[in-house]
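Everything on this sheet refers to the single structure shown next.
The values are calculated or read from the model by the stated rules, or taken from the named source; none is laboratory data. Just so it is clear, the structure is predicted and the values come from calculations on it, not from any experiment. Backbone-built Cβ (ideal geometry, glycine too); neighbour counts: all protein chains shown.
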Amino acid sequence: MITLTGAHITGIDYAPEAIKRARERTRAKRPRLTFQEGDMNRLSLADAGFDTVIDIDSFAHSEDLEKLIARLKGILNSAGQMGCLNSQIIRSEAHLPKQTYNKESTN
């Protein structure tokens, strides 16, 4: 997709190991990919510098969700788009179908 569109991608993660793995996995796709270690609560990105923002599973780590969303909107250009995905793992047995956790079940 990157090659077809000419897009330039900036990936940001708080964990240095995640940035290292991303750089190793995408070595052949450079120079259109940039990865940097960063804290989403203190993004140092240019205002109106991005066409698209995709945020995946970081809202739970936000110190101030409204401030974070405002900042993400601020780095978008006037025609920019933002997509956010926030998932949650439910570990409670009460949310699972009975046959998957009921030890007495013969299913």
Next on the checklist: Being assigned to a helix (DSSP H, G or I), more than 10 Å from Phe50 (Cβ to Cβ) and hydrophobic (A, V, I, L, M, F, W, C) is the filter here; which residues of segment 64-87 pass it?
Outcome noted: Leu65, Leu68, Ile69, Ala70
Checklist outcome for this item: Among (1) within 25 Å of Gly6 (Cβ to Cβ); (2) touching a helix residue (DSSP H, G or I) at 6+ places or on another chain (Cβ under 8 Å); (3) not in a strand (DSSP E or B), Val53 falls short only on (3)
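Among the residues of segment 16-29, is any in a helix (DSSP H, G or I), surrounded by 10 or more Cβ atoms within 10 Å (Cβ to Cβ), touching a Gly at 6+ places or on another chain (Cβ under 7 Å) and at pLDDT 85 or above? First the steps, then the outcome.
First pass over segment 16-29, keeping only residues in a helix (DSSP H, G or I): 16-25, 27-29.
Still in the running and surrounded by 10 or more Cβ atoms within 10 Å (Cβ to Cβ): 18-23, 25, 29.
Imposing the further condition that a residue be touching a Gly at 6+ places or on another chain (Cβ under 7 Å) reduces the set to 22.
When the remaining residues are screened for being at pLDDT 85 or above, the result is 22.
Scanning segment 16-29, I find at least one residue that is in a helix (DSSP H, G or I), surrounded by 10 or more Cβ atoms within 10 Å (Cβ to Cβ), touching a Gly at 6+ places or on another chain (Cβ under 7 Å) and at pLDDT 85 or above, so the answer is yes.
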Checklist entry - Could you say which residue among Ser87, Ser58 is surrounded by 11 or more Cβ atoms within 10 Å (Cβ to Cβ) and either under 13 Å from the mean Cα position of the chain (by Cα) or in contact (Cβ under 8 Å) with a residue 60 or more places away in the chain (or both)? => result Ser58
